[in-house]
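Below: the structure, in structure tokens.
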Amino acid sequence: MTKEYDPKSIEPEVRTLWQQHGTFRVSEDSAREKFYCLAMFPYPSGRLHMGHVRNYTIGDVITRFQKMQGKNVLQPMGWDAFGLPAENAAIKNRVPPAEWTYENIGYMRDQLKQLGFGYDWERELATCKPDYYRWEQWLFTRLFEKGLAYKKTAAVNWCPNDQTVLANEQVVDGKCWRCDTTVERREIAQWFMKITDYAEELLAGIDTLDGWPEQVRTMQRNWIGRSEGVEMVFEIDGDVEAEAPLSIYTTRPDTLMGVTYVAVATEHPLAKKAAANNPELQAFIDSCKAAGTAEADLATMEKKGMDTGYQAIHPISGDKVPVWVANFVLIEYGSGAVMSVPAHDTRDHAFALAYGLPIRQVIYPADGSDFSVDSEAYVDKGVLKNSGEFDGLTSEQAFDAIADKLQALGKGEKQVNFRLRDWGVSRQRYWGTPIPIINCDSCGAVAVPADQLPVVLPEDVDFSEGIGSPIKHMPDFYETVCPQCGGKAQRETDTFDTFFESSWYYARFACPDADTMLDERADYWLPVDQYIGGIEHAVLHLLYARFFHKLMRDEGLIKSDEPFRHLLTQGMVLKDGSKMSKSKGNTVDPQGLIDQYGADTVRLFTMFASPPDQSLEWDDKGVEGASRFLKRLWNIAIATAEQSSAPLDSNKLTEDQKAVRRKLHETIRKVSDDIGRRYTFNTAIAAVMELLNELGRFDDDSEQGKAVMHEAIVAVVLMLSPIVPHISQHLWQQLGHDSLLAEQVWPVYDESALERDSIELVVQVNGKLRSKINVPVDADNDAIESIALKDEKIQHNLQNKTVRKVIVVPGRLVNLVVA
């Protein structure tokens, strides 16, 4: 029997045991309740960081606990392998992105195995493999044929250095988040997915996600942004060569009579037309291209504009108002035109003051008080004035009245709008899934036929700085023939946004060897019962995954409506109060900790330091403390294993033995709830530590004393096994078991062991603690009062005093009021 705790020898032996027995391999079993636990898969950057360790330990603890509940549990792992970092590394290291990626996957896989995570490795997938991305190509072609995927010219953020489109979130202070190059606004042809067709369903589905944090649900509701308003038209005055009228949407039609100008985006056709013969206006439009398209940028940047010279005609009054080009209007939101009411909108007010535009107040406080809009806008709802036939109406009444008037005039109607915009999925980079479209001069865009999929991304490429995407310079890749007419054609050389791959991987894990995108096994495992990942994915990834799930459902691939039943968003790992990052020099290498302390110590610390949904502050002393605890557990468990014990007979226990056994079963009850329901792993560990402290003080060599100790240590090992599985398996064997601990049933607390003959009460004198007493559990108030008054410490405190009143709070305390 090993005398000292040595994780370097124990942990590899235990992992070999799991591998030999296929402990975490799983298949469908309709006779058992399933549980699918998934932590967001990693980008293979090269090495695990502490955020990875925490995230995946949380998932493993949940997985192992559910397995011990007798459920059929799936926990897979894979790699979100496409993306720009691989291209940058390829330029830096002069190796193809594929080579860099596969080397990283191999190293990180070994690290995950060292940490003892119970993955079904036979289901491993990498999104850069053709046998994975062929099916998203297939789905895209189906959606293209349905009109749910389309190509259009759109204004985008463009990084001239990385030669690719950037999402709004990737533009920081007008510069590329990765290379710090000034970002440009460009209009280029992009592929889009019609997520807006699912906006209503995506919004309604949020109400069914009661296993998600409310914060995430709120973020998704706000991102989808449903609003009720009025869509109306402002005709353009004069001869503008039959220019189409401006289509404008507003949620405040009650302010319509206060419009004093109209603003359009720099990319709006009317703005371009006005700039054609106006060099000054064209220069202004060009200067706006340096700004980002994110709403956050618009909120903080200086609002600028220029008069186009055109005038729009108010749809009700017929008044003419100027049309301005403004940098705060986005072409991709609505029609790229807004009505401006300076008296009742803060942004419009500031713009009007800056450019000397009229400010006309039409809404007044409902209580009759005065409010001047000379210095600030009145943005609340109220009562209409200066609004012609609508004077005297409340804002709510005016909403309907003005909408009805516009409809009667043929100038507008009520409409529901969404802030959500169609998902732009094109990227001008190499290391991604090729978009399965063939461009033919005669036939236009044609989907690649299913029997020609996958369109394989060449991996052996010359990746040199400055050439952009290699496949754009590879005729062998892009030259092809049109599937419809047989004429010469070219493949699409853009690749998918990497969110495309991560939007459906969870479903492929259910059937990774299927010869279709998904098969019937997906309906057995889906939806995922517990999904785990960072709050930073609250909108984009989680929203896209919900969208993809509905697309796959409507394609007949799955039956469920939502991908993830429960969501846990874990907190960040901090050091010195800041998020760990290489740039700050405050990172901690998990590999060094594993080598020094063993994987179980690292797992224990990350689960004990804080609740999973809160940030974890790194503490080297905390790691050392976790290591000391495991050594103490080892010593007590080994000592117990070396002693023989008789069978436990609860009828023969002494009061001390009953007390220890009561503490054990109270701990089982608490830990079961903390891990199984509350996910407060830190308090579960604290409870086991408290129990182990009591066991360390329990010195009873009698037969029943040894039996109580053996029962307790076995339960401790079982309860800790999801958190520290290596040492637990080894101690399980030392305690006389040949079976795999991971296959055992979770301990159940014994109600009879929780029963007490007596309870401890606090005794106060005038509200101050003076003693503690033990009383029979069935003692009435008179008996409790009598025991309290006879207590030696209390008698000492009552000398020369008179008891005026005795207050008994059952099960808690006795308070003696004296004078």
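Points to keep in mind about this one:
- Glu122/Asp699 FRET efficiency (R0 51 Å; Cβ-Cβ; nearest 0.05): 0.55
- Sorting 7-19, 666-678 by average packing, meaning the other beta carbons within 10 Å per residue, from highest down gives 666-678, 7-19.
- Between Gln643 and Asn278, the simple spin-label model (points 7 angstrom out along Cα→Cβ) gives 9.2 nm.
- Positive dipole terminus of the chain, leading residue within Val809, Ala204, Ile91 (C-beta point charges): Val809
- Zone residues, region 74-106, relative to Gln163, backbone N less than 18 Å from point 7 Å out along Cα-to-Cβ: 83-98
- Percent of beta bridges antiparallel (DSSP, the chain, rounded to nearest 5): 75 percent
- Calculated [θ] (222 nm, deg cm²/dmol) that DSSP helices of n ≥ 4 give over the chain, each run adding -39,500 (n - 2.57): -11000 deg cm²/dmol
- Under the criterion of Cα pairs below 8 Å and six or more residues apart, the relative contact order for the chain equals 14 percent.
- Global form of region 190-271, assessed from the alpha-carbon gyration tensor, a/c cut-off 1.5: prolate
- Selection from Leu692, Thr164, Val264, by position along the positive dipole direction of the chain (Cβ): Leu692
- Counting charges near Thr251 (Lys, Arg +1; Asp, Glu -1) among other residues having Cβ under 15 Å from its Cβ returns a value of -3.
- Region 114-132 and region 1-24: distance between their alpha carbon centers, rounded to Å: 22 Å
- Local electrostatic count at Gln66 - Lys and Arg +1, Asp and Glu -1, tallied over other residues with Cβ under 10 Å: +2
- Extended-chain gain in nm, criterion 0.36 nm per residue less alpha-carbon gap, Glu743 and Glu33: 254.1 nm
- The distance linking region 250-278 with region 457-498 is 41 Å (Cα centroid to Cα centroid, whole angstrom).
- Counting Lys and Arg as +1 and Asp and Glu as -1 over every other residue whose Cβ lies under 14 Å from the Cβ of Val321, the net charge comes to -3.
- Placing a pseudo-label 7 Å from each Cα along the Cα-to-Cβ vector at Thr251 and His473 gives an inter-label distance of 4.9 nm.
- Sorting 772-784, 251-263, 357-369 by average packing, meaning the other beta carbons within 10 Å per residue, from highest down gives 251-263, 357-369, 772-784.
- The distance from the alpha carbon centre of region 547-607 to that of region 75-109 is 18 Å, rounded to a whole number.
- Within region 555-570: backbone nitrogen closer than 18 Å to the Gln614 label point (7 Å, Cα to C-beta): 568-570
- Low-density loop positions, GluC sites (Glu not before Pro), region 381-480 - DSSP coil, at most 13 other Cβ in 10 Å: Glu465
- Hydrophobic long helices, here whole DSSP H runs in the chain with Kyte-Doolittle means of at least -0.5 and Cα atoms spread over 18 Å or more along the helix axis, are found at 50-68, 395-409, 540-554, 620-641, 681-697, 703-720.
- Accessible heavy-atom area order of Lys67, Lys381, Lys175, highest first, probe of 1.4 Å: Lys381, Lys175, Lys67
- For the set Cys485, Cys443, Cys128, the ranking by accessible area, highest first and with no ligand, DNA or RNA atoms included, is Cys485, Cys443, Cys128 under a 1.4 Å probe.
- Considering only Ala401, Ser442, Ser469, and ranking their Cα positions along the charge dipole of region 366-478 that arises from unit charges at the beta-carbon of Lys, Arg, Asp and Glu, the one farthest toward the positive end is Ser442.
- GluC sites (Glu not before Pro) within region 567-649: DSSP coil, no more than 11 neighbouring Cβ in 10 Å: Glu642
The values are calculated or read from the model by the stated rules, or taken from the named source; none is laboratory data. Owing to the predicted nature of the structure, the values given are computational and were not obtained by experimental measurement. Virtual Cβ from ideal backbone geometry, glycine too; neighbours counted across all protein chains shown. These area figures cover heavy atoms from the full protein model, side chains too; ligands, DNA and RNA do not enter into them. Shrake-Rupley method; radii C 1.70, N 1.55, O 1.52, S 1.80 Å.
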